[in-house]
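One structure is given here, and the rest of the page talks about it.
Please treat every number below as a calculation from the coordinates, not as lab data. On a predicted model such as this, the values are computed, not experimentally measured, just so you know. A quick note on method: Cβ atoms are made from the backbone with ideal geometry, for glycine too, and the neighbour counts reach across all protein chains shown.
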Amino acid sequence: MPRRRLVAALAVTMPALMAGAVTARVYLLPERALEQVFPGSEVQRQSIYLSEAEQSQLAMQGGGDAGRFFTAYLARRQGRLEGIAFFDTHRVRTKEQTLCIAVAPGGRILQVRIISFFEPTDFLPPQRWLDLFRNRTRADSLQPGSDLPAITGATMTSTASARAVRRALWLYDLLRSRGIDGL
């Protein structure tokens, strides 16, 4: 009898599990993204806690209301800082997108990569558009439709992505002001 229950339970749950796997759109595992962005580097996690004043300042600087806790991934090779990556998960329209945003010492964007995207694929930003962030800094406005081309049919995605990049650059500057070694 227990075997029949197991088979019946699997028959009911397997289609649901399979459907979830098909609709989930994870494009790159975070560990793999860090390996690709910083090959051969040793990566260390750094927790970032914002004060209420810092959280307000981040929101005013265009980073949106994103909470008070972040994690930075500091990549070092032979003791020298190669860069910092941030994984930013945010809502695009009704579902989430996660980006890996890598910042070089000096505060310029190295790369932006899609980790996961749960909106319809029609709204997915192409990698060539994300590559437009490369070498941008906080001095750039990073506004889609202004200094970045808009993505037809994906306005909310481009806006959310640009906000995430601005947030990463702001967090980078915050770490630098806190005296993180190598910044």
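The residues packed around residue 96, meaning those with a beta-carbon under 11 Å from its beta-carbon, carry a net charge of +2 if Lys and Arg are +1 and Asp and Glu are -1. Note on residue 52 and residue 178: their simple-model spin labels are 1.9 nm apart, each label 7 Å out from Cα toward Cβ. The tail of the calculated P(r) for the stretch 55-183 beyond 17 Å holds 55 percent of all Cα-Cα pairs. Volume of the convex hull of the stretch 71-128 (Cα atoms only), normalised per residue: 88 Å³. Rounded to whole numbers, the Karplus 3J(HN,Hα) couplings from phi for the stretch 149-159 are x, 6, 9, 4, x, 9, 4, 5, 5, 5, 5 Hz, using 6.51 cos²θ - 1.76 cosθ + 1.60 with θ = phi - 60°, and x at Gly and Pro. Protection proxy ranking of 113-121, 141-149, 49-57, 79-87, by the mean of other Cβ atoms within 10 Å over each peptide's residues and highest first, is 79-87, 113-121, 141-149, 49-57. Decide, for the stretch 27-68, between rounded, prolate and oblate: order the square roots of the alpha carbon gyration tensor eigenvalues as a ≥ b ≥ c, take rounded if a/c falls under 1.5, and otherwise choose prolate if a/b is larger than b/c, else oblate. Taking the square roots of the gyration eigenvalues as a ≥ b ≥ c, the stretch 27-68 is prolate.
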